[in-house]
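Right, one structure below, let's go through it.
Every number here is computed from the coordinates shown, using simple stated rules; none is lab data. Keep in mind that what you see is a predicted model, and the values were worked out from it rather than measured. With ideal geometry, Cβ positions are generated from the backbone for all residues, glycine too; neighbour counts draw on all protein chains shown.
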Amino acid sequence: MTVFTEAEKSIREVRQSGSEGDAHTDGNPAEEYSLTEVSYTVSGSTILDRLEVMGFTLRATRAVFEEGIRGEILDTQESLPVHESIADVYAEEIRMLQLLTFDVWLESFRSLKRKDLNSWDLMLKEGELAVRDLPPLERFMLSADELPFWFPPCDVRFLIRAVVEACGVNSVFQLDLSDVVSSGYYDIADRVAEDARVELTSDYPLNTKVIVLTEGMTDRRVLEASLGLFYPHLSDYYSFMDFDGANAPGGAGQLVNTVKAFAGAGIANRVVALFDNDTAARAALRGLGGITLPPSMRVLQYPAIAVASNYPTSGPSGLVHMDVNGLAGSLEIYFGEDVLRRTDGTLTPVHWRGFDTAVRAYQGELENKGSLQDKFNQKLAAAVADSKRIQAQDWAGIRAVLDMVRQAFENAVG
């Protein structure tokens, strides 16, 4: 159904003449009855374009076919010793499969469609000339019990792509749902194509990596490495934005723009956007006001932590201890007291920068952030080399951030 859209749905009433034994006419062949015809119809060129967009290219289809045929041949060869009584049948099947290259399949299918033949015609029209004089390969393709025209098992869209190639872009493709609608499996008003697409994609976010967006390169490196340290079994379930490879700018404002872009593009993956717990982030987040984000996105700020609730700050009033949560909570303040404390035992102070009029608060920044990052890298390296070192280290802040990321979609399923 993903090759059709609801715009291509057709519903029309058609008059049918009754036949003997017809349930619609109580067996009266003279009686006419009304039948609702429900179908989706589209041109081959349209289907071709859609399949190409989805990745069902001719090259990919050829590769899938050839690999599938090789598999069918091997499976049949393995069955020969088991079914010795009908070895000749299996040997003939192998011979036909070996002749059935992708190009031969296309030509044979094209020929069958020109003759308007389908698999059931082998019995219904066995005595007719069109079936009786079929070339061996075409007869073989019609004889497939489970595989349609001996096209190997695969995503059915590969088969459709091959059919488009065989029949041409000027062909008309129609999916007739009249029987299943009249039998009650679908309602006339059901949006079958749209519903099928939703059903296929609804579980996609649950089965792909969670994308984690951060304000910058340092945050990404620290959190990705820390996740690998504490939750190595979860590393393959998260994908952190690669600032290095993408040469992407950092900062809270840029992260807001990225969130908007992801939301606008309809990114199917679950996304967690992590902002610093500071004034600059709060001001930037005002840019998301009034924007409805999809349920697959979470916009979070680093959590408040105890060490930041009574922290030394340096400003016009000198050295003052105060709660810097929400004012100066860059990731460095989560590095742990063993990193934040200087050689004299005091905590590296926060220095007050400019005043943000939008949120009416000063922006704070830890002094010597580069030095703090170096100390953290040494601490991380020591923990990776010897996990016993972790017990003597302070990881409370980083673990609080990781737990927030892990729990971002708690209770989201269902």
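Here are some notes:
- In the chain, helices alone account for a calculated mean residue ellipticity at 222 nm of -12500 deg cm²/dmol, with every DSSP H run of four or more residues adding -39,500 (n - 2.57).
- Antiparallel content of DSSP bridges confined to the chain, in %, to 5: 70 percent
- Rounded, prolate or oblate (a/c below 1.5 giving rounded, otherwise prolate when a/b exceeds b/c) for region 229-361 by Cα gyration tensor: oblate
- For D278, the residues whose amide H sits under 5 Å from its own are G329, ignoring neighbours fewer than 5 places away on the same chain, with H placed 1.01 Å from N.
- Taking amide H atoms as placed 1.01 Å from N in the peptide plane, the amide H of G251 lies under 5 Å from those of G216, each 5 or more residues away in sequence or on another chain.
- Point-to-point label distance, R12-D88, nm (Cα→Cβ direction, 7 Å offset): 5.2 nm
- Where a label projected 7 Å from the Cα of Y204 along Cα→Cβ would reach, residues of region 35-52 with amide N under 19 Å: 47-52
- 18 Å Cα-Cα reach of K369 towards lysines, excluding residues that sit fewer than 8 places from it in its own chain: K379
- Seen through its C-alpha gyration tensor, with square-root eigenvalues sorted a ≥ b ≥ c, region 134-232 comes out prolate because a/c lies at 1.5 or above while a/b is bigger than b/c.
- Projecting the Cα positions of A283, L177, T2 onto the charge dipole of the chain (unit charges on Cβ atoms of Lys, Arg, Asp and Glu, taken about the Cα centre) puts A283 furthest along the positive direction.
- Look at the alpha carbon pairs under 8 Å that are at least 6 residues apart: their mean separation over the length of region 6-202 gives a relative contact order of 29 percent.
- Neighbour net charge for I291 - beta-carbon separation under 15 angstrom, K R +1, D E -1: +3
- Dipole size of the chain about its Cα centre, with +1 on Lys/Arg Cβ and -1 on Asp/Glu Cβ: approximately 2500 debye, rounded to the nearest 20.
- For region 346-353, putting each phi into the Karplus relation 6.51 cos²θ - 1.76 cosθ + 1.60 with θ = phi - 60° gives couplings of 8, 6, 4, x, 8, 9, 7, 9 Hz, in residue order, rounded to whole numbers and with x for Gly and Pro.
- Degrees separating the helix 58-79 axis from the principal Cα axis of the chain, which is the longest one: 70 degrees
- What the phi angles of region 172-188 give under the Karplus curve with 6.51, -1.76 and 1.60, with θ = phi - 60°, is a coupling list of 10, 9, 10, 10, 9, 9, 4, 5, 6, 6, 5, 7, x, 5, 10, 8, 4 Hz, glycine and proline written as x.
- Spin-label pair D190/F230, simplified geometry with 7 Å Cα→Cβ offset, distance in nm: 4.8 nm
- The aspartates and glutamates within cross-link reach of K388, meaning a Cα-to-Cα straight distance under 17 Å and a gap of 8 or more places when in the same chain, are D338.
- The ranking of Y40, Y334 by Cβ neighbour count inside 10 Å, starting from the fewest, reads Y40, Y334.
- Within straight-line cross-link reach of K260, aspartates and glutamates at Cα separation under 17 Å, skipping those fewer than 8 residues along the same chain: E215
- Between amide H atoms placed 1.01 Å from N, distances below 5 Å from R341 occur with T348, all of them 5 or more places distant or on a separate chain.
- Acute angle (nearest 10 degrees) that the helix 156-167 long axis makes with the longest principal axis of the chain, alpha-carbon atoms: 50 degrees
- Degrees, to the nearest 10: 87-99 long Cα axis against longest axis of the chain: 70 degrees
- Taking the square roots of five times each eigenvalue of the Cα gyration tensor of the chain, the equivalent ellipsoid has semi-axes of 65, 28, 17 Å, listed largest first.
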